[in-house]
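Report on the structure given below.
The values are calculated or read from the model by the stated rules, or taken from the named source; none is laboratory data. Note that the coordinates shown come from a computational prediction; the quantities given were computed from them, not determined experimentally. In this analysis, Cβ positions are derived from the backbone assuming ideal geometry, glycine residues included, and neighbour counts consider all displayed protein chains.
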Amino acid sequence: MNEFIESAELWYSGLIAMMLLTLASGFFSGSETSFFYLSHDEIRTLRVGKPRERLVAVLLSNPDRLLTAILFWNLVINLVYFAVSIVITQRLTSSGLNVAAGLFSVFSLFGLILFGEVIPKSIAVFARRKIATTASWPLAAAVRALDPIIPFLAWLTRLVRRTFWPTIDREPVLRPEDLERAVDAFQLSEEIIKIEHQILHNILDLSEIKVEEVMRPRGTYEVVTGPLKMNQLNEIKPRGDFVLVQNSNPKEEAGHVFSLHNFTKLSGRKQELTLDDLVYVPWCADLATALQILQQSYTTVAAVVNEYGETIGVITQEDLIDTIVMPQPSRARRLLRRDPILEIGPGRYHVEGMTTLRHFCARFEIDFQGTQDGQMTIAGMISEQLDRLPKLGDHVPWQGFDFKVVHVSKVGQYRFLVTQQPVSSDITD
């Protein structure tokens, strides 16, 4: 032991370097865990926070780039660490301190594992948000420094993959219909109750239901001209938990969305209104695609555009969750905040025109059959049958029901009196 201490000039400087390298390795290891352990809601909150918090969300917007940089620098640091460890071990061996050299190698290995991996990652799990915010600036610099060689690393990865694995067998595609049959065949009623069974079907239906069927049409949400100020919120009294914000030109489409949850406290009396960039989904996309876009963008509202690029409505994360968890999801119920189908007598109902055909069929337990022109709502189906806009008193039969127009509002919203037609049966002797 005394000989090892007396030979400090052989390992002292190297040990200091290894300690610094261990701290650097722990920084990247802890940063990796803290960043990628953040939940979706936490990232969404960081997007509208302070500059350091917004930088965390920016880095996570391209997770492949971030992870590549972290792994690259961590690998470089570990290689340098073991290179220094080997040099010190060789010096000790050359001085005849073989036992000390062996112990130094073992302790250096376990030291890097413990202080460079295990402890930083464990701390990062419990203090992920604080660590991610603190590490955002140096980590952003490390990512930016690696940007020039990232294309080369990507090219090298593709070259290795195509050289050693030239053909990768594609897995067979499992269609949603196959999954639905599997759910129907699963008869363990003790483990899967009825509501869970329905939720599984609703999740599978996300790949079939179009955005146009669930979206909130124009006129059912607030659109204001920017810049948005606090006093405007008191004046407009938004009907939901968000407001679309367009530029100073009223003819332009809205480009930002303000969520009532996005208040960043700057001081005791001031509050800053932070806006999110509005993402867009086509009207013909399915709900699964819309949900994926919202999750990747860390936002809760997306604008729905038609084939001409015009905004025809919005879809929110709340709408998608309602479609998943509700036994009979209904857009009209969310907008009207009441049941769109009201029973007024035996076999007689008042039905709002914005009620979707899918919800109507589910309510009366009949097979859903789309119209020829792909109409989604009761009002659209009636217009297709009449080949014109419905008028007060019009009658249309459909799927064993008689639809009569009993109310037309000034903004073109319809209400129908729906009566179930008697089932005719031929009695033969």
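Report whether or not SER383 is surrounded by fewer than 14 Cβ atoms within 10 Å (Cβ to Cβ), polar (S, T, N, Q) and not assigned by TED's automatic domain parsing to the domain that holds GLU212. Against the criterion (surrounded by fewer than 14 Cβ atoms within 10 Å (Cβ to Cβ), polar (S, T, N, Q) and not assigned by TED's automatic domain parsing to the domain that holds GLU212), SER383 does not qualify.
Conditions tested, residue by residue: (1) outside the structural domain of SER297 (by TED's automatic domain parsing); (2) of a type in the set (Phe, Trp, Tyr); (3) free of Cβ contacts under 8 Å to residues at least 40 places away in the same chain; (4) outside any helix (DSSP H, G or I).
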position	(1), (2), (3), (4)
ARG44	yes, no, no, no
GLY49	yes, no, no, yes
VAL56	yes, no, no, no
ASN78	yes, no, no, no
ALA83	yes, no, yes, no
VAL87	yes, no, no, no
LEU92	yes, no, no, no
ALA101	yes, no, yes, no
VAL106	yes, no, yes, no
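Just one of (1) assigned to a loop (DSSP other than H, G, I, E, B); (2) modelled with pLDDT under 85 fails for MET354. It is (2). Taken over segment 340-366, the criterion of being over 16 Å from TYR414 (Cα atoms) and under 32 Å from the mean Cα position of the chain (by Cα) is satisfied by ARG358, HIS359, CYS361, ALA362, ARG363.
Table: residues versus (1) among the hydrophobic types (A, V, I, L, M, F, W, C); (2) modelled with pLDDT under 80; (3) over 21 Å from the mean Cα position of the chain (by Cα).
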{"position": "SER297", "(1), (2), (3)": "no, no, no"}
{"position": "ALA303", "(1), (2), (3)": "yes, no, no"}
{"position": "ASN306", "(1), (2), (3)": "no, no, yes"}
{"position": "ILE312", "(1), (2), (3)": "yes, no, yes"}
{"position": "ILE321", "(1), (2), (3)": "yes, no, no"}
{"position": "ILE324", "(1), (2), (3)": "yes, no, no"}
{"position": "ALA332", "(1), (2), (3)": "yes, no, yes"}
{"position": "LEU335", "(1), (2), (3)": "yes, no, yes"}
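Condition first: within 19 Å of VAL80 (Cβ to Cβ) and of a type outside the set (S, T, N, Q). Can you find one or more residues in segment 119-127 that meet it? Yes, segment 119-127 contains at least one residue that is within 19 Å of VAL80 (Cβ to Cβ) and of a type outside the set (S, T, N, Q). When segment 316-354 is limited to residues that are of a type in the set (Ser, Thr, Tyr) and touching a Leu at 6+ places or on another chain (Cβ under 7 Å), the one that is nearest to LYS210 (Cα to Cα) turns out to be THR323. The set of residues in segment 281-295 that are closer than 27 Å to ARG337 by Cβ and more than 11 Å from the chain's Cα centre (by Cα) comprises VAL281, TRP283, ALA285, ASP286, LEU287. Looking at GLU208, GLU191, just one residue is modelled with pLDDT of 80 or more, charged (D, E, K, R) and assigned to a loop (DSSP other than H, G, I, E, B), and that residue is GLU208.
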